[in-house]
Amino acid sequence: MEFNNKKLTRTKKLIHYLISIALAIFLIGLANRIIGDLDETAHRPNLQDFETATEVHKYRLLNNAVQDSIRDIISDKNALQLNLDLASTTLKQERSSFKSWISTRRATQSSSLDIEVRKRNLIMDSIQEIITTYQREKTSKEASIQELRVLSLNRQRLIDEEMDQVYEMYSQAVHSFELKVFLKRLLFVFPVLLLGIWMLVKRRKHIYWPLFRGFVFFSFYAFFVGLVPYLPSYGGYVRYAIGILLSLFLGIYAIRSLQAFIKRKKEELQQSTAARSQQIKEEVAEKALENHMCPSCGKDYLINELHQSGGKKGMSGKFKVTTYCRHCGLQLFKDCDSCETTNYAHLPHCYSCGDLVTKKEIIESVHNTG
Ligand SMILES: [Zn+2]
Ligand SMILES: [Zn+2]
């Protein structure tokens, strides 16, 4: 592998993130298993269990009996209807045959005609009687169906009332079951979250920070995502309340550490330029050079010729490098003692001859302060 410092820094960052994410993923998988096992110990309430505690079964059986009777009577009524239709058809045929028969007879054949007419009328009357009986029966069946329907409606109302009770008991049981599961999970996840926060605050400078960061990812996931599908309605309060507390806590922590950093920087700026120059680390110096920033006060050291000249004509508006920082007075560039080439003052070697650039300065400043 070629030694490319920029690439190495990027690769290091990427590998560290991969380590964090891989650890977080495995921790999440393990935690899900543990949480799943925790849940199995609790028994989820069943709707049927609560039905037995009420009269709903009894009413249901009674209602079924009523429904059965209704069905029986309806099938009886249908059979009756068939008979009724048959009788009506027979009567109609009988009447029409009688009509055509009588129209062909003469009044002179009176004695034999009389007997025949009486006979035929008798048949028709008896059929009519049967029809009337059938109709009466049908009406009575219809009445009893109506009665049973009203009864069934009442039974259904009783069943509904009982079921209301069942649902209420059931939903209470589900509520307390979910609360139990939620609290059990919270008992497991909350300490994990606290540990994650502690690591986030206290272990950021640690050489194993990528591993700690993996745990931090896991702890936040476990609390804010892992708990969600099992949160009973009021569980949302817990999550949001803790989310608010966390934002406040981490927010205050971040603001304070930022202010402490600024204060430290300001105090540093009170020191002599030589002392400050000594404290500048190489990677800071390198970054600062890349971004044309003063490595001590962080401000840009390039100046625009045009601005600096007060708008004089003939100025190109190009940027110029300054030897000293305009803001804090730190020496930024100086000549090499060996070859007099102008070098950035905070990297160790002269780019032209390779001699040490900073060494002398350090020795001088140590000599001055001592
Ligand atoms: Zn400066
Ligand atoms: Zn040199």
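The values are calculated or read from the model by the stated rules, or taken from the named source; none is laboratory data. Since the structure is predicted, the reported quantities are computational estimates derived from the model, not experimental observations. With ideal geometry, Cβ positions are generated from the backbone for all residues, glycine too; neighbour counts draw on all protein chains shown.
Among H327, H349, H307, which is at pLDDT 70 or above and within 15 Å of L289 (Cα to Cα)?
After ruling out the rest, the residue left standing is H349.
Could we say that F177 is closer than 30 Å to L38 by Cα, out of contact with any helix residue (DSSP H, G or I) (no Cβ under 8 Å at 6 or more places or on another chain), surrounded by 13 or more Cβ atoms within 10 Å (Cβ to Cβ) and of a type in the set (F, W, Y) here?
Yes; evaluated as a whole, the condition is true for this residue.
Looking at the stretch 318-331, is at least one residue under 26 Å from T9 (Cβ atoms) and within 16 Å of ligand 2 (Cβ to nearest atom)?
no
For the stretch 237-332, give me every one of the helices (runs of 4 or more DSSP H) that falls completely inside it and has 1 or more residues that are loosely packed, with under 13 Cβ neighbours inside 10 Å, away from ligand 1 (no atom under 13 Å from the Cβ) and acidic (D, E).
Passing ranges, in order: 282-290.
I need the helices (runs of 4 or more DSSP H) fully contained in the stretch 1-115, keeping only those with at least 2 residues that are touching a Leu at 6+ places or on another chain (Cβ under 9 Å).
5-40, 56-103
Would you confirm whether any residue within the stretch 139-151 is within 30 Å of A42 (Cβ to Cβ) and of a type in the set (V, I, T)?
No; the residues of the stretch 139-151 include none that is within 30 Å of A42 (Cβ to Cβ) and of a type in the set (V, I, T).
Of all the residues that make up the stretch 332-356, how many are on the phi > 0 side of the Ramachandran plot and more than 11 Å from ligand 2 (Cβ to nearest atom)?
Count: 0.
Among what's in the stretch 201-210 and is surrounded by fewer than 18 Cβ atoms within 10 Å (Cβ to Cβ) and either hydrophobic (A, V, I, L, M, F, W, C) or assigned to a helix (DSSP H, G or I) (or both), pick the residue that is nearest to the chain's Cα centre (by Cα).
That would be V201.
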